[in-house]
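Here the structure comes first, spelled out in structure tokens, and everything after it is commentary.
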Amino acid sequence: MPLPPEDRVLSPYTGWTRAHWEAAADGLLAGVGPYFSPAKAQIRLPGRASWSDCDGLEGFARTFLLAAFRVAGGGDPALLTPYGEGMAAGADPDHAEAWRPITDRTQPMVEAASIAIGLQLTREHLWDRLSPAVRDAVAGWLGGALRHEPVDNNWWLFPVAVGDFLRSDGRDEAAAHAAVERGLGRIEDWYLGDGWYSDGDARNLDHYNGWAMHLYPALHVWLTGAPAEPYGSRLREFLSGYGGAFDVNGSPVYQGRSVIYRFATAAPLWLGAMLGVSPLSPGATRRLASGALRHFLDNDALTDGLLSLGWHGPHEPSLQDYSGSASPYWASKGFVGLLLPADHPVWTAVEEPGPGDGSTGLPGPGLLVHRHGGIVRLVNHGTDHQPLDGDALPDDPLYARFAYSTRTGPGLDVPDNHVGLVLDGTITARGRLTPLGAGPDWAASSHRPAPGALIESLSVTRGPVEVRVHRVTAPAGTLIRQTGWAVVPGDGLTSDLFGIAGFAAAEPLVSVAGTVFGSPARVPALKAVTSGETTVLACAAILSPSSTGDEAVPTLDVHGDHATLAWPDGAVHHIVLSPAPAVASPRDTAGGGTATGRADAERPPNA
């Protein structure tokens with residue numbers, strides 16, 4: 001992919017400017033060009049098919065969105081030519097390349113949203129130049145999204161995008177208005193606070209919060225002039241934590257489903273600037289977004305010019321059943337920033353670093369963003385991806401772990417960052433969790449690993465350390481196992497796990513299948529045995545670019561239903577253990593970063 005020379009004056013951290021984004025968009029579009037079907041209604045990429053049997057439509061719709069962002073941002077309208085030609089065949093139900101009709105809970109509804117947004121953005125270049133018959137046919141196909149049932153999650157927002165476009169063209173206005181109201185109304189049921197929505201009724205918290213739950217309402221505001229609230233203030237709240245969730249190397253956190261969409265994680269950063277609500281400076285916004293795009297393009301996201309099915313490269317365990325060869329092109333959403341003009345401050349300001357070392361607690365979703373040494377760790381006391389009712393499902397490694405990061409992935413055959421009872425030689429699952437609160441540098445939750453048993457867990461962060469305190473209710477003599485971060489030898493990371501209270505060292509575990517970063521992976525472990533009906537255990541988990549030893553590990557003094565966590569630098573956390581674990585008083589910040597302060601964790605490469 002040909003790119004312009006770096007500009008380390010304007011962009012001292014990434015070297016990338018708007019010109020690099022434009023060149024990257026052009027390169028991605030050029031890569032899929034040879035795979036247009038004869039009538040250009042589909043883009044049929046080589047490789048795996050998804051369960052939807054709509055891979056050709058996915059390829060068309062998702063790259064059309066990219067082309068629309070590029071053209072609406074000043075690119076060559078000729079980029080739209082093949083898509084305009086393909087509309088006639090795709091919307092013709094009798095054509096061999098016809099798009100599948102939109103019916104209840106089927107993939108064409110997803111792709112219709114991208115097509116509708118693309119048409120609305122490029123109306124004068126494409127829609128207005130189609131024949132009346134083709135416009136009628138395309139509008140008729142899109143209209144199916146207004147009259148059919150979406151999957152009960154972020155899918156409710158696809159009819160919103162379709163409805164906005166059809167209303168703007170004076171079509172199906174009553175049905176379109178109703179679809180917009182229904183979709184925006186449905187997501188209100190899932191708003192948790194701190195800028196976070198659950199993706200459906202259960203505790204499904206992941207990157208869909210940014211690239212779906214915020215993206216579609218923000219584009220609704222941007223394209224229609226609708227009132228910005230409540231979406232603007234929620235987006236600002238989200239970015240207050242999310243802006244600190246990118247590694248110094250540009251990577252977002254590897255967590256949740258559809259991680260193959262990679263730099264779609266940049267979308268909410270741009271949206272904050274588009275709506276004028278971002279808490280991040282323009283220079284920090286571009287630094288984070290460009291860092292994410294460059295990180296993936298520098299780390300084998302492309303195979304033979306096409307986005308691969310994986311994270312850095314192809315990785316089968318990162319996929320879901322719905323992942324097909326064209327699915328990764330939802331990453332196109334990351335290019336929404338091209339809608340901002342070239343003279344906007346996000347493109348003209350000198351890059352600035354994102355938030356430095358510190359922690360940001362998010363009580364709404366039950367998450368804690370922990371930054372130190374350039375690495376971001378997402379401490380999880382809020383998401384489990386479990387159904388609300390009925391039997392719990394087996395733990396999903398992408399949701400059930402106690403922590404995720406920007407440089408590690410969950411062990412595929414050994415549960416890392418996990419605590420459980422060992423019953424008949426088998427470690428219990430985390431299952432459904434109950435969030436118990438979060439503060440500036442702590443978060444807590446509980447789960448029931450077995451009938452009659454309860455594990456209440458509190459995470460407290462400082463420097464590179466996450467202390468995990470567990471209040472375990474289980475029969476005396478029950479074996480407990482705690483694991484730490486799974487790291488691949490030679491990846492430049494050290495994973496340490498130190499017992500503080502009740503834990504003894506155990507043999508490290510080996511994940512033969514490894515993680516998204518390679519195999520095998522080493523997983524440190526501790527063990528303990530419950531001493532009575534209720535046992536308090538604690539350990540320190542450290543993920544660092546270099547070994548820190550135990551000099552940063554605090555001590556824990558338990559006295560009844562309270563405990564004192566004393567750090568080597570003199571800081572103290574006072575902890576309440578019952579009725580629910582929590583940090584009872586603000587920490588002494590001597591020697592540590594604040595939740596919103598900047599440290600020297602990141603310097604420009606040429607500094």
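The values are calculated or read from the model by the stated rules, or taken from the named source; none is laboratory data. In this text, all values refer to a predicted model and were calculated from it rather than measured experimentally. Note: ideal-geometry Cβ built from the backbone for every residue, glycine included; neighbour counts use all protein chains shown. Surface areas here come from the heavy atoms of the whole protein model, side chains and all, with no ligands, DNA or RNA. Shrake-Rupley method; radii C 1.70, N 1.55, O 1.52, S 1.80 Å.
List of remarks:
- Taking each DSSP H run with n ≥ 4 as -39500 (n - 2.57) and averaging over every residue of the chain yields -7500 deg cm²/dmol at 222 nm.
- By definition, a body whose alpha carbon gyration tensor gives a ≥ b ≥ c is oblate when a/c is 1.5 or more and a/b is not larger than b/c, and segment 318-360 fits this oblate description.
- If you take all other residues with their beta carbon under 11 Å from the beta carbon of A444, and give Lys and Arg +1 and Asp and Glu -1, the sum is +1.
- Think of segment 200-353 as a dipole: +1 on every Lys or Arg Cβ, -1 on every Asp or Glu Cβ, centred on the Cα centre; then among A266, G324, H295, A266 lies furthest on the positive end.
- Accessible surface calculations at 1.4 Å, restricted to protein heavy atoms, place segment 457-567 at 37 Å² per residue.
- Per-residue HN-Hα couplings for segment 350-361 [Karplus 6.51, -1.76, 1.60; θ = phi - 60°; Hz; x = Gly/Pro]: 5, 4, 10, x, x, x, x, 4, x, 9, 10, x
- Working from label points 7 Å from Cα in the Cα-to-Cβ sense, the Y322 to V572 distance is 5.1 nm.
- To the nearest ten degrees, helix 282-297 and the longest principal axis of the Cα atoms of the chain are 90 degrees apart.
- Computed from the Cβ-Cβ distance with R0 of 51 Å, the FRET efficiency linking D201 to D550 stands at 0.75.
- Cα gyration tensor shape of segment 385-532, rounded if a/c is under 1.5, else prolate or oblate by comparing a/b with b/c: rounded
- FRET efficiency for K527 and D298, using Cβ-Cβ distance with R0 set to 60 Å, rounded to 0.05: 0.90
- Degrees between helix 55-72 axis and first principal axis of the chain (Cα, 0 to 90, nearest 10): 80
- Angle between the chain longest axis and helix 18-32 axis [Cα atoms, degrees, rounded to 10]: 70
- Mean-position separation - Cα centroids, segment 38-102 and segment 506-560, in angstrom: 49
- Entry note, the chain: relative contact order of 11 percent, from Cα contacts under 8 Å with a spacing of 6+ residues.
- A simple spin-label model places the labels of A342 and R129 2.1 nm from each other, with each point 7 Å out along Cα-to-Cβ.
- Available extension along the chain between A23 and S233 is 72.3 nm, counting 0.36 nm per residue and deducting the alpha carbon span.
- Note on segment 455-591: Kirkwood radius taken over Cα pairs, Stokes-Einstein applied at 25 °C and 0.890 mPa s, translational D equal to 155 µm² s⁻¹.
- On the basis of the beta-carbon distance and an R0 of 45 Å, A476 and E149 show a calculated FRET efficiency of 0.30.
- Stretch gain in nm, segment A96-A505, where the contour uses 0.36 nm per residue and the Cα spacing is subtracted: 140.8 nm
- Cubic angstrom per residue, convex hull over Cα atoms of segment 519-587: 146
- Alpha-carbon centroid distance for the pair segment 235-290 / segment 108-125, whole angstrom: 24
- Around the Cα centre of the chain, unit charges on the Cβ atoms of Lys, Arg, Asp and Glu (plus for the first two, minus for the last two) sum to a dipole of about 420 debye.
- Mean Cα-pair separation over length for segment 402-481, i.e. relative contact order, pairs under 8 Å, 6 or more apart, %: 24
- Rounded percent of accessible protein surface that carbon and sulfur make up, the chain, 1.4 Å probe: 53
- Net charge in the neighbourhood of A504 (other residues with Cβ under 13 Å of its Cβ; Lys, Arg +1, Asp, Glu -1) is +1.
- Checking (1) 76; (2) 55; (3) 47 against percent of Cα pairs over 32 Å apart calculated from these atoms, the matching label is (3).
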